[in-house]
Amino acid sequence: LLAHLGIARAVLLGHSLGGMTAMDLAPRSARVAGLILAEGWTHLRAASQAFAPGRFHGQLPQPAIDAIMRKMKETMARFRPECWQHFWQSVEASDARAFLDTARIPVVPVYGEMGRTPRTEQMLDLPPAHRAAIRWIPDAGHYLPQEAPALLARHTVDALRHMAAGA
């Protein structure tokens with residue numbers, strides 16, 4: 001896609017499973033200049049164990065949660081159940097730790113701070129250099145684009161400036 005669009009270098013921002021996808025793509029393309037991982041997980045266990053329960057929808061109002069759930073159901077309805085089974089098998093098998101250990105591009109993890117515990121950073125299973133680079137968004141859970149779009153955008157712009165300065 002980047003080649004087709006004539007984009008020589010790009011920083012990818014992925015939210016949640018999009019972050020996992022970006023980490024899978026990055027080592028396959030020299031066009032990827034950096035990653036911003038908005039609640040992007042090294043592996044599914046980190047997603048389920050790193051934070052205290054009850055943070056998933058953060059402080060979103062019920063109508064926003066209902067809209068997210070409606071969209072999820074609509075998306076799932078477009079595919080046969082065996083497609084979802086294959087999808088979840090690939091999610092369960094995904095593990096970006098080896099990539100992150102050797103990544104030669106900037107990686108900026110951004111997480112919502114709700115449910116953060118003393119063990120969260122360790123449980124995220126990020127290499128120490130990436131753990132030190134975590135940007136935290138206060139009073140937010142998993143749905144950063146919906147909960148704190150301005151703060152996520154600010155962290156993204158700051159990360160892009162930092163990456164450009166280091167290039």
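Scan segment 1-27 and report the pairs whose first residue is more than 17 Å from Glu92 (Cβ to Cβ) and assigned to a helix (DSSP H, G or I) and whose second residue is hydroxyl-bearing (Ser, Thr, Tyr) and open to solvent by less than 90 Å² (accessible area, probe 1.4 Å), with Cβ atoms within less than 7 Å and a gap of 6+ or a chain change.
If the second residue must be hydroxyl-bearing (Ser, Thr, Tyr) and open to solvent by less than 90 Å² (accessible area, probe 1.4 Å), the pairs left are Leu2/Ser29.
Name every residue in segment 80-103 that is touching a helix residue (DSSP H, G or I) at 6+ places or on another chain (Cβ under 6 Å), among the hydrophobic types (A, V, I, L, M, F, W, C) and not in a helix (DSSP H, G or I), in order of residue number.
Scanning segment 80-103 gives a single hit, Ala96.
Could you grab the pairs with beta carbons closer than 6 Å, sequence gap of 6+ or different chains, first residue in segment 110-133 and within 20 Å of Gly58 (Cβ to Cβ), second one open to solvent by 50 Å² or more (accessible area, probe 1.4 Å) and not in a helix (DSSP H, G or I)?
Pairs found: Val110/Arg135; Glu113/Pro138.
Determine which single condition Ile36 fails, assuming it passes every other condition in (1) β-branched (Val, Ile, Thr); (2) touching a helix residue (DSSP H, G or I) at 6+ places or on another chain (Cβ under 7 Å); (3) in a helix (DSSP H, G or I).
Answer for Ile36: the failing condition is (3).
Checking Ala67 against (1) more than 29 Å from Ala133 (Cβ to Cβ); (2) open to solvent by 50 Å² or more (accessible area, probe 1.4 Å); (3) of a type in the set (Gly, Ala, Ser): exactly one of these is not met. Which one?
Only one criterion is unmet by Ala67, namely (2).
Of a type in the set (A, V, I, L, M, F, W, C), under 20 Å from Met20 (Cβ atoms) and modelled with pLDDT under 95: which single residue out of Ala159, Ala132, Ala140 fits that description?
Ala159 is the lone residue from the list that is of a type in the set (A, V, I, L, M, F, W, C), under 20 Å from Met20 (Cβ atoms) and modelled with pLDDT under 95.
If you go through segment 104-151, how many residues are under 14 Å from Gly54 (Cβ atoms) and assigned to a loop (DSSP other than H, G, I, E, B)?
10
The values are calculated or read from the model by the stated rules, or taken from the named source; none is laboratory data. Bear in mind that the values here come from a model prediction, so they are computed numbers and not experimental data. All Cβ positions, glycine included, derive from the backbone under ideal geometry; neighbour counts span all protein chains shown. Calculation scope for accessible area: heavy atoms of the full protein, side chains included, ligands and nucleic acids excluded. Shrake-Rupley method; radii C 1.70, N 1.55, O 1.52, S 1.80 Å.
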